[in-house]
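**Student:** Got a structure for you, written out below as structure tokens; questions coming shortly.
Bear in mind these aren't lab numbers, they're just calculated from the coordinates by the rules spelled out. For clarity, every value in this text was computed on a predicted model and none was experimentally measured. Methodologically, a virtual Cβ is constructed for each residue, glycine included, from the backbone with ideal geometry; neighbour enumeration extends over all protein chains shown.
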């Protein structure tokens with residue numbers, strides 16, 4: 001039997017190139033054996049839960065580099081930051097404006113606080129089949145309709161790179177006297193080069209959570225919570241909840257990695273990000289010459305709530321077949337591993353640590369695939385009933401897919417989570433009240449939340465997505481054949 005360690009070591013030593021997280025891309029070579037620096041809170045090494053010395057100084061350096069009032073190291077990932085921010089800024093039983101495409105940690109925070117959720121729905125970009133941004137006018141309407149809302153939480157940039165108009169949304173929130181929390185887990189690299197969008201931290205957001213490990217040279221699980229200089233929040237409450245959700249045995253390996261990452265940004269950031277931007281620009285110039293593989297760039301800005309776009313997230317949209325097919329082609333024939341494959345596209349995550357060799361391998365692979373797709377299309381011409389239909393076209397035709405669903409809320413998230421349940425076949429659950437989350441990954445928006453009525457629309461989408469081989473997650477039954485519903489309530 002192969003151990004996890006052996007499997008990881010074999011993958012790490014293979015020629016597979018990682019167009020996926022973590023952002024270090026296996027390129028950090030000046031980091032000592034981690035066992036040499038794995039300690040506990042011994043004399044001289046401070047305590048993350050009561051920082052007075054070396055850890056206090058490390059977090060202050062991070063705040064200086066990012067331009068925040070305060071920055072807190074997170075060893076439990078951005079999940080810890082989201083849980084802490086929501087718990088601190090929205091009182092138990094309170095109301096929150098929550099973007100429907102927020103990470104599940106946001107919903108877990110709402111469960112823990114027994115919060116009332118008012119959903120903000122992202123726009124849907126149909127050409128490439130991705131979530132767009134949150135419209136400022138939708139935030140304004142929500143806060144007028146629900147004046148007791150205590151905070152707003154959005155995700156920007158999204159997994160796919162869509163950036164909302166954070167500055168305007170922050171202004172609206174502040175005009176209503178409430179803070180804006182931005183889940184910027186996929187944007188720890190923003191703000192260090194004008195090629196990339198500005199960070200929410202500089203655009204008026206009060207609390208910003210970032211994952212170092214997603215786009216920077218740091219270990220998985222390393223993240224930070226920033227409090228902006230102009231934040232309208234009770235920072236003592238944030239610290240209190242960080243003490244609750246953060247491990248009482250924080251890894252010194254992780255904290256050292258974050259401190260090293262901050263030093264990297266301070267000393268090498270400008271030069272390294274400019275070189276990274278140049279590599280990306282060369283890649284986008286190449287991809288525009290392909291005929292059968294599309295890729296979104298700056299041209300999608302301005303529509304569907306996409307105020308800006310993070311081009312470090314490379315979306316590859318083949319005219320035929322789908323994302324799973326593309327990922328499999330790249331994996332088997334070219335030894336390139338994508339971050340994710342959806343119905344209509346594949347996602348290559350890049351970072352400042354990607355090499356020119358990695359980009360060149362991806363260029364060669366896509367050039368080969370583009371030619372094969374052109375040959376395939378040519379072979380179909382003239383055949384009766386022949387034609388190549390993209391996965392995005394099939395999705396839209398089959399279920400009228402617009403990326404979001406608007407379900408009837410029957411009971412609260414807490415009541416549904418904790419209520420007495422029974423298990424029924426998913427196909428026979430129409431009209432019942434869900435006791436579970438049901439996600440499509442990607443794009444990550446919950447198709448169904450606990451407390452919502454299961455509709456024919458949702459079941460139709462699930463059946464189609466399963467037929468496309470996409471991943472349905474959140475249900476206790478990993479096969480997604482059964483669902484837990486409330487015993488009482490139809």
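**Student:** Just the ratio, please: alpha-carbon radius of gyration of the range 42-160 over 2.2 N^0.38 Å, N its number of residues. If you can, show how the numbers build up before the last one.
**Tutor:** On the way: Rg = 17.5 Å, N = 119, 2.2 N^0.38 = 13.5 Å.
In units of the 2.2 N^0.38 Å rule of thumb, it is 1.30.
**Student:** Determine the calculated [θ] at 222 nm for the chain from helices alone, applying -39500 (n - 2.57) to every DSSP H run no shorter than 4 residues and normalising by the residue count; nearest 500 deg cm²/dmol.
**Tutor:** Value at 222 nm, helices only: -11500 deg cm²/dmol.
**Student:** Just rank 155, 423, 3, fewest to most, by other beta-carbon atoms within 10 angstrom.
**Tutor:** 3, 423, 155
**Student:** Hey, another quick one. On the first, second and third principal axes, largest extent first, how far apart are the outermost C-alpha atoms of the range 169-308 in Å?
**Tutor:** 54, 42, 27
**Student:** How large are Rg and Dmax for the range 58-110 when calculated on the C-alpha trace, in angstrom?
**Tutor:** Gyration radius and largest Cα-Cα distance of the range 58-110: 13.1, 37 Å.
**Student:** Kirkwood Rh over Cα pairs of the range 199-257 into Stokes-Einstein at 4 °C, 1.567 mPa s: D in µm²/s? The partial results should precede the final answer.
**Tutor:** Working: Rh = 12.9 Å.
My calculation gives 101 µm²/s for D.
**Student:** Given N residues in the range 159-245, what is Rg(Cα) / (2.2 N^0.38 Å)?
**Tutor:** Rg over 2.2 N^0.38 Å, computed on Cα atoms: 1.12.
**Student:** Let me ask something additional. How large is the Kirkwood hydrodynamic radius of the range 258-330, in angstrom, based on all distinct alpha carbon pairs?
**Tutor:** Values: mean 1/r = 0.0677 Å⁻¹.
Over the range 258-330, the inverse of the mean reciprocal pair distance is 14.8 Å.
**Student:** Then there is this: Restricting to the chain, what percent of DSSP beta bridges are antiparallel, rounded to 5?
**Tutor:** 65
**Student:** One-quarter of the Cα convex hull surface for the range 242-371, in nm²?
**Tutor:** If you wrap the Cα atoms of the range 242-371 in a convex hull and average its projections, you get 11.2 nm².
**Student:** Can you pull the Kirkwood radius for the range 324-373, inverse mean 1/r over Cα pairs, to one decimal in Å?
**Tutor:** Details: mean 1/r = 0.0884 Å⁻¹.
By the Kirkwood definition, the hydrodynamic radius is 11.3 Å.
**Student:** Further question: Quick one: the Cα spread of the range 84-230 along its three principal axes, in angstroms, biggest first?
**Tutor:** In descending order, the Cα extents are 40, 33, 29 Å.
**Student:** May I ask for the Kirkwood hydrodynamic radius of the range 411-490, worked out over all distinct Cα pairs and given in angstroms to one decimal?
**Tutor:** When all Cα pairs of the range 411-490 are included, the Kirkwood radius is 12.3 Å.
**Student:** Provide 281, 452 in ascending order of the number of other Cβ atoms located within 10 Å of each residue's Cβ, fewest first.
**Tutor:** Going from least to most buried by this count: 281, 452.
**Student:** One quarter of the convex hull surface, Cα atoms only: what value does that give for the range 218-300 in nm²?
**Tutor:** 9.4
**Student:** Ranking 279, 292 by Cβ neighbours within 10 Å, fewest first, what do you get? Before the final figure, lay out each step's value.
**Tutor:** Working: 279 17, 292 20.
Sorted ascending by nearby Cβ count, the order is 279, 292.
**Student:** Compute the Cα gyration tensor for the range 74-140, then decide on rounded, prolate or oblate, letting a ≥ b ≥ c be the square roots of its eigenvalues: rounded whenever a/c is under 1.5, prolate when a/b is larger than b/c in the other cases, and oblate in all that remain. Walk me through the numbers before you get to the answer.
**Tutor:** Values: a/c = 2.69, a/b = 1.53, b/c = 1.75.
Cα axes put the range 74-140 in the oblate bin.
**Student:** Please give the FRET efficiency for residue 7 paired with residue 33, using the beta carbon to beta carbon distance and R0 = 25 Å, rounded to the nearest 0.05.
**Tutor:** Efficiency at R0 = 25 Å is approximately 0.75.
**Student:** Shifting gears a bit: Run the numbers on the range 14-80 and let me know its relative contact order in percent, using alpha-carbon pairs under 8 Å that are six or more apart.
**Tutor:** On the way: 26 pairs, mean separation 8.7, N = 67.
13 percent.
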